[in-house]
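What follows is one structure encoded as structure tokens, with my remarks underneath.
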């Protein structure tokens, strides 16, 4: 038993929940824990070290009784119905002043609904995005809290202690009211989708286009990771290519089915961006390509009808696509990476105004520099850009970041073109190129689209030579 009331309670002892508890206990906090399945609780506490103040509880009543007001209760359960089920169980036990923290990947509109319901009773509800996976939870995640400011202040010492540290600063900051934290985490995951798609395409170009084997791939990604492309995702990519299979003589990556799963946060990001009228095409295409990867039987049938595409269509030992080199792929990946961050931060800027979050985007960039899945050296430049211009609508308007992309436009086009020539699908690179060119274009052919809309639907149009709204009887 703990010698004093517990500092916080944790509901849910899955991978993330148990590792956060261990992290908190290591920092000197006393944690009461509860899991719906009691045997999970027993197994967890049996492995604790001496001195870790963790109190096992076997009912919600016992759990809340182990805390002193204001009681702080954190949920680490699956998003959706599981969160609502736990809240239904807690509801009759909660009192005014208590604080409930949802640390899962909840949909931001669900967080708004729950926050309003509990807030009406004087209960603080925090939606906290947590990134970093199992290792991050255990040793220091990036944390994205949103909700009532006073509720955050009540848990701030715990969060700052357990969060990752970068340059001595905790990777956690209060982001805003309501669902701000879960919205930022959602967009974080959307950016993650986009970056992973680009890295996968760079892999396809290096493997299928240039013929690099796994040893060389590991070397290339390790070299890129040590330069301007430094990021957690490239770090683990290099490690993946080194891993041998323990069941066969080959490499493990070659034995993994090419079907990528998803939990919905990328799709939510795209849907919200469309509601905001903010283009995030690299996130959109990343979600679509994961969906396409699941159509294995259909794609096999299509190859029977249309013939094989991709590298299999090239003669063995054939020359690599013209203009393709390791350096070209690196520069294209770098440009595409910046463009994906550009789109995600543009969405956050628009959502901040639309939802009333009042996000401080240099804080967002700062807390993403450590602990989270999309941490990278580029976030230092992104933070600096928003420190210079806090309301910057698009990071391409920052001379430093925009200049880095412009300098690599040729490489982006070359890599995308080489992929098309070799029938290697690189939709992320193509999308990044189209976004860049479209954003910089002084004329887009959408004047024709508006004319078509006016023709069939009398939707009207504006002119370039005079003010006003116009309609034409096109059939006269």
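Against the numbered list (1) under 30 Å from residue 268 (Cβ atoms); (2) without any contact (Cβ under 8 Å) to a residue 12 or more places away in the chain, residue 94 comes up short only at (2). On the stretch given as region 241-290, residues that are surrounded by fewer than 16 Cβ atoms within 10 Å (Cβ to Cβ), in a loop (DSSP other than H, G, I, E, B) and over 15 Å from the mean Cα position of the chain (by Cα) total 12. Taken over region 323-355, the criterion of being part of a loop (DSSP other than H, G, I, E, B) and surrounded by fewer than 21 Cβ atoms within 10 Å (Cβ to Cβ) is satisfied by 323, 325. Listed conditions (1) surrounded by 15 or more Cβ atoms within 10 Å (Cβ to Cβ); (2) at pLDDT below 95; (3) more than 20 Å from residue 129 (Cβ to Cβ) are all met by residue 79, apart from (3). The set of residues from region 58-77 being without any contact (Cβ under 8 Å) to a residue 40 or more places away in the chain and either part of a loop (DSSP other than H, G, I, E, B) or not assigned by TED's automatic domain parsing to the domain that holds residue 36 (or both) comprises 58, 59, 69.
Go over the candidates 21, 31 one by one and state the one that is under 17 Å from residue 101 (Cβ atoms), crowded, with 20+ Cβ neighbours inside 10 Å, at pLDDT 95 or above and touching a helix residue (DSSP H, G or I) at 6+ places or on another chain (Cβ under 6 Å). Exactly one of 21, 31 is under 17 Å from residue 101 (Cβ atoms), crowded, with 20+ Cβ neighbours inside 10 Å, at pLDDT 95 or above and touching a helix residue (DSSP H, G or I) at 6+ places or on another chain (Cβ under 6 Å), namely 31. Any residue at all in region 35-57 that's touching a strand residue (DSSP E or B) at 6+ places or on another chain (Cβ under 7 Å), closer than 21 Å to residue 125 by Cα and touching a residue at least 24 places away in the same chain (Cβ under 8 Å)? There is no residue in region 35-57 that is touching a strand residue (DSSP E or B) at 6+ places or on another chain (Cβ under 7 Å), closer than 21 Å to residue 125 by Cα and touching a residue at least 24 places away in the same chain (Cβ under 8 Å).
Checked against the criterion of being at pLDDT 95 or above, surrounded by fewer than 22 Cβ atoms within 10 Å (Cβ to Cβ), on the phi < 0 side of the Ramachandran plot and under 22 Å from the mean Cα position of the chain (by Cα), the candidates 363, 358 yield just one match: 363. Going through (1) in contact (Cβ under 8 Å) with a residue 24 or more places away in the chain; (2) in a helix (DSSP H, G or I); (3) within 21 Å of residue 395 (Cα to Cα) one by one, residue 374 falls short only on (2).
Only one of the listed residues (267, 289) is in contact with a helix residue (DSSP H, G or I) (Cβ under 7 Å, 6 or more places away or on another chain) and farther than 25 Å from residue 350 by Cα. That residue is 289. Among the candidates 181, 140, the residue that is at pLDDT 95 or above, farther than 25 Å from residue 334 by Cα and surrounded by fewer than 24 Cβ atoms within 10 Å (Cβ to Cβ) is uniquely 140. Would you check which residues across region 199-215 are more than 15 Å from residue 243 (Cβ to Cβ) and part of a helix (DSSP H, G or I) and list them? Across region 199-215, the qualifying residues are 199, 200, 201, 202, 204, 205, 206, 207, 208, 209. On inspection, residue 402 passes the criterion of being surrounded by fewer than 22 Cβ atoms within 10 Å (Cβ to Cβ), under 16 Å from residue 439 (Cβ atoms) and either over 19 Å from the mean Cα position of the chain (by Cα) or not assigned by TED's automatic domain parsing to the domain that holds residue 192 (or both).
The values are calculated or read from the model by the stated rules, or taken from the named source; none is laboratory data. Because the structure is predicted, anything quoted here is derived from the model rather than measured. For neighbour counting, all protein chains shown are included, and Cβ atoms are generated from backbone atoms with ideal geometry for every residue, glycine included.
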